[in-house]
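Here is the structure we will look at, set down as structure tokens.
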Amino acid sequence: MLSPNSPVFRHNYHELDDFGRILYMVAVKPKWDARRQFFFEGCRDLAGQMYVAERMALYDAILRHRPRTCYEIGTFTGGGSTFFISAAFRDLGAGRLVTLETSRNHYLLAASFYEQYLPAHKAHTTFIHGDRPELFLPMITEDGGVDCVFLDGAAEPAQALEQFRFFEPRFRPGSVVMCHDWDLDKQEALRPHLESRRDWVQEVRLTDPDSVGFVVYVHRPDPG
Ligand SMILES: C[S@@+](CC[C@H](N)C(=O)[O-])C[C@H]1O[C@@H](n2cnc3c(N)ncnc32)[C@H](O)[C@@H]1O
């Protein structure tokens with residue numbers, strides 16, 4: 001039986017069934033501060049993934065590092081990471097998220113929802129349909145490099161490593177790489193690679209039960 005102490009209240013609003021949503025509104029939400037409510041609920045009319053702590057860590061990393069552009073792989077329907085990264089740029093009043101999604105239905109749903117209902121987020125967000133990070137090249141050229149990436153695409157482990165390798169020659173000192181599902185098979189190729197690199201410093205690491213694995217790495221190449 002679901003209770004206010006259930007682990008699902010560390011996840012997000014969209015994972016709740018109807019009973020869970022009523023329980024949340026009546027018994028959980030009134031005990032939480034506005035920040036926790038915001039990161040748990042997101043936009044209630046737009047489904048999205050990621051746990052509360054992961055959403056907060058994503059948002060806080062954007063505020064801390066203030067990248068000019070963040071490149072995201074894996075928009076899904078736009079109510080998870082995309083919503084919180086774009087909220088951070090909205091709150092900073094500068095910067096943009098460029099987000100890539102391979103499913104045409106998800107891409108169309110996310111892009112049209114932001115256009116209609118989330119204009120303040122849309123002002124800082126570009127949606128791209130496709131599955132190759134090469135589609136980011138015009139923006140990367142415009143910026144002269146890459147200062148922030150969030151990898152949350154396919155379950156196929158080779159993909160995240162390939163995507164990291166695409167961005168690698170374009171990173172600069174201080175560039176940020178964030179990854180979701182860090183403790184799952186999905187990241188089993190990129191995880192050992194990044195963990196073995198002395199020029200990438202782990203700044204944030206979330207684990208179970210707050211996360212299925214979320215990391216923020218910062219590029220600190222040797223000055224010598
Ligand atoms: C785990 S979901 C992303 C969840 C999303 N970040 C959120 O917080 O709601 C992974 C998404 O990546 C998409 N995807 C898989 N491979 C991709 C690729 N190569 N390029 C872009 N999107 C991809 C899938 O269609 C799926 O929607």
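Quick note: the coordinates plus some simple rules give every number you see, no bench work behind them. Just so we're clear, the structure is a prediction, and the values are computed from it rather than from any experiment. Quick reminder, even Gly has a Cβ in these numbers, built from the backbone with ideal geometry, and neighbours come from all protein chains shown.
Quick one: is residue 152 away from the ligand (no atom under 15 Å from the Cβ) and surrounded by 19 or more Cβ atoms within 10 Å (Cβ to Cβ)? No, not satisfied. Only one of 167, 171 is closer than 17 Å to residue 148 by Cα and out of contact with any helix residue (DSSP H, G or I) (no Cβ under 8 Å at 6 or more places or on another chain). Can you tell me which? Step by step, each of 167, 171 is checked, and only 171 is closer than 17 Å to residue 148 by Cα and out of contact with any helix residue (DSSP H, G or I) (no Cβ under 8 Å at 6 or more places or on another chain).
Restricting to segment 184-202, count the residues that are of a type in the set (Asp, Glu) and closer than 10 Å to residue 219 by Cα. Before you say what the answer is, go through the steps one by one.
First pass over segment 184-202, keeping only residues of a type in the set (Asp, Glu): 185, 188, 195, 199.
Now drop any that are not closer than 10 Å to residue 219 by Cα, which leaves 199.
The qualifying residues number 1.
All conditions but one from (1) closer than 15 Å to residue 48 by Cα; (2) touching a residue at least 24 places away in the same chain (Cβ under 8 Å) apply to residue 149; the one that does not is (1).
Can you find a residue that is near the ligand (Cβ under 10 Å from one of its atoms) and surrounded by fewer than 18 Cβ atoms within 10 Å (Cβ to Cβ) anywhere in segment 81-102?
Yes, segment 81-102 contains at least one residue that is near the ligand (Cβ under 10 Å from one of its atoms) and surrounded by fewer than 18 Cβ atoms within 10 Å (Cβ to Cβ).
Tell me whether segment 27-39 contains one or more residues that are buried (at least 19 other Cβ atoms within 10 Å of the Cβ) and within 14 Å of the ligand (Cβ to nearest atom). Yes, there is a match, as at least one residue in segment 27-39 is buried (at least 19 other Cβ atoms within 10 Å of the Cβ) and within 14 Å of the ligand (Cβ to nearest atom). Of the residues 165, 220, 170, 198, the single one that is more than 15 Å from the ligand (Cβ to nearest atom), over 24 Å from residue 45 (Cα atoms) and out of contact with any Lys or Arg (no Cβ under 9 Å at 6 or more places or on another chain) is 170.
For (1) farther than 12 Å from residue 148 by Cβ; (2) of a type outside the set (Phe, Trp, Tyr), each residue gets a yes or a no:
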| site | (1), (2) |
| --- | --- |
| 59 | yes, no |
| 66 | no, yes |
| 80 | yes, yes |
| 88 | no, yes |
| 94 | yes, yes |
| 98 | no, yes |
| 101 | yes, yes |
| 108 | yes, yes |
| 119 | yes, yes |
